[in-house]
Structure formats: structure tokens, C-alpha cells
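Written out below as C-alpha cells is the structure these notes cover.
The values are calculated or read from the model by the stated rules, or taken from the named source; none is laboratory data. Nothing here was measured: the structure is a model prediction, and the numbers come from that model. Please note: Cβ atoms are built from the backbone with ideal geometry, for glycine as well, and neighbour counts cover all protein chains shown.
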Amino acid sequence: MDKPKTVKILKFYPEKCEGGLGCEKACSQVHFKSDEGGDKSAIRIFKSGNSYKMYVCNQRGLCIDICPVGALYRRKNGIVWLDKEICIGCQSCVGFCPIGAMRKSSARIEPFKCISCGACVRACPNGALELVEVNIDNIKEVVYHKQGV
């Protein structure tokens, strides 16, 4: 199988963000069919002084080698994906993620993360989010390299 060369990641323009959190609500709709946002959103926006910060998966793939059952892998489109059929809900990836982008919700056993679907981008009225395509070789990081990332 050919390894993907690029992946779409979220780019954040904090100067355009007004903190309405429509992005979080759109994300929780994708993952949980709910518009709660917050803990049910893979993207999190927090106020930081006079600006905002975004916390979301950067698709680097560090978590791939941590999963003890191989439920995390890189799809053909480059996105790091969690296979819910394989996942045992051990939360190793949640505890390991160095940027806190692998999320846990009490609504289900499997964790969840950004899948670069663009729902948050479409929901932002100010254009503070954009999906940009980057070269995987420029962003990927591995722990053990056992999964052939």
C-alpha cells in the first residue's frame, strides 16, 4: 500500500476568533450527534489573555505506536484514525497524547479525535479556521516506528 504523502490539518487564526464556539458545537454534532461542544468536541477553543488558543489533533501520529491493539492508524488520506471496532477503550492514547488532542467522553468507551472533516471550518462565521494540506514528512513523529508510519 502506498503511504500517504499529505494530510489536511486545521490552521487557526486567533485574531479572527470571537469565541462563539460554533466550531465546537459542529464538531460534537459529527462525533456525538449533539451540539453540546465542550467535552464532546475534538476541537477546543480557550480564551488566553486577549486572544484565543486552539487545541486539536495535529495528525503527527505519535499515538499510533502507543495503541496496544493497533486501533490507531494513518488512513490513505493521511488522517490518523481510530478504528472503533478494534479499540478496547483502554485510553492509553488519551493519556499519552502530548497535546491533549485525543479526547474522552463519558458518552462512550472509545476515545475520539479530530478527523479533519471540516465541520468546524464551515461553522466558523469569521474564517478563523482553515483546513490546509501539509506534507506528512514535515509533521510526522514516531515513538517506536512499529506501525510503519
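General remarks:
- The set of residues from segment 59-115 being under 12 Å from the mean Cα position of the chain (by Cα) and polar (S, T, N, Q) comprises just one member, Gln59.
- Scanning segment 1-41 for residues that are over 17 Å from the mean Cα position of the chain (by Cα) and of a type in the set (S, T, N, Q) returns a single hit, Ser34.
- Every residue from segment 65-118 that is surrounded by 15 or more Cβ atoms within 10 Å (Cβ to Cβ) and among the charged types (D, E, K, R): Asp65, Arg74, Arg103, Lys104, Glu110, Lys113
- Residue check for Cys57: of a type outside the set (Gly, Ala, Ser), farther than 22 Å from Cys90 by Cα, buried (at least 19 other Cβ atoms within 10 Å of the Cβ) and at pLDDT 95 or above: no
- Verdict on Ile99 being within 24 Å of Lys25 (Cα to Cα), among the β-branched types (Val, Ile, Thr) and modelled with pLDDT under 95: yes
- Check on Gly20, in a loop (DSSP other than H, G, I, E, B) and either of a type outside the set (Asp, Glu) or out of contact with any Lys or Arg (no Cβ under 7 Å at 6 or more places or on another chain) (or both): yes
- Qualifying residues in segment 11-54 (those that are out of contact with any Asp or Glu (no Cβ under 9 Å at 6 or more places or on another chain) and of a type in the set (Lys, Arg)) - the one surrounded by the fewest Cβ atoms within 10 Å (Cβ to Cβ): Lys33
- Subset tally (residues that are acidic (Asp, Glu) and in contact with a Gly (Cβ under 8 Å, 6 or more places away or on another chain)) for segment 35-74: 0
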